[in-house]
1. Report for the chain the percent antiparallel among DSSP-assigned beta bridges with both residues inside it, nearest 5.
2. Quick check on the chain: helices-only [θ] at 222 nm, where DSSP H runs of length 4 and up contribute -39,500 (n - 2.57) each and the sum goes over total residues. Nearest 500, please.
3. So with the 1.4 Å probe, I'd like the accessible area per residue for the chain, rounded to whole Å².
4. Describe numerically, in nm with one decimal, the distance between label points set 7 Å from Cα along Cα→Cβ at residue 110 and at residue 6.
5. Mind pulling the angle between the C-alpha long axis of helix 10-23 and the longest principal axis of the chain? Nearest 10 degrees, somewhere in 0 to 90.
6. Under 15 Å from a point 7 Å along the Cα-to-Cβ line of residue 87: which residues of segment 42-69 have their amide N that close?
7. Return the carbon/sulfur percentage of the accessible area of segment 121-177, one whole number, probe 1.4 Å, all protein chains in place.
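The values are calculated or read from the model by the stated rules, or taken from the named source; none is laboratory data. Quick caveat, the model's predicted, so the values are computed rather than measured. Please note: Cβ atoms are built from the backbone with ideal geometry, for glycine as well, and neighbour counts cover all protein chains shown. Only protein heavy atoms, including side chains, enter the accessible area calculation; ligands, DNA and RNA are left aside. Shrake-Rupley method; radii C 1.70, N 1.55, O 1.52, S 1.80 Å.
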Amino acid sequence: FITGKAEYGKSNTAGVIAEKLLDNGFGLLIVDIDGEYYKQKAAYEILHVGGDDECDIQVTADHAGKIASLSLEQNVPIILDVSSFLDEDEAKDLLTQVAKQLFAKAKKQKQPFLMLVEECHEWIPEKGSMGEVGKMLIKIGKRGRKHGLGIVGISQRPADVKKDYITQCDWLVWHRLTWNNDTK
């Protein structure tokens, strides 16, 4: 879990983790909620998929199996750019289906693979309705490691992230936090 206030290094830390994994040939899928990981394409061969024509390939939830196969089985690094979906339900459905497919395939593949999930409080909130996507991400956090499937959640507000997820994290990277609820 990587956390800290805006502009204090969360995405940079996640980018360094991604670069080290890519440099060493490990599998990686980045869930980009703000379209900020596109810069990784300058130095690495990464497939950029999403909902608009700025992506290498436009995808929907129907492509989840292919996305999971490419990234996990064929070791193709992927940026899953959900920032390009105008309909939030489409983005949630796509991420849910990709996470389900990764979890199912990881059980058979049993190789190191990492999902980086930006703004995870949007998918796995502490309060309110979580939905199927959040339940799937927590399942990966709790049970994915057995099969080599890891997840890194990134959020500005740890107080807003479901504690069931945070308690499963082995690494906690804390950048600057000032709000009492977050530091607790």
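1. Numbers: 1 of 25 bridges.
In the chain, approximately 5 percent of DSSP beta bridges are antiparallel ones.
2. Values: 6 runs with 62 residues, N = 184.
After summing the helix terms and dividing by the residues of the chain, the value is -10000 deg cm²/dmol.
3. Numbers: 9330 Å² over 184 residues.
Normalised by residue count, the accessible surface of the chain is 51 Å².
4. Between residue 110 and residue 6, the label points sit 4.6 nm apart.
5. That helix lies at roughly 40 degrees to the long axis.
6. The answer is 51-52, 59-63, whose backbone nitrogens lie closer than 15 Å to the label point.
7. Working: 1440 of 3000 Å².
Reported share for carbon and sulfur atoms: 48 percent.
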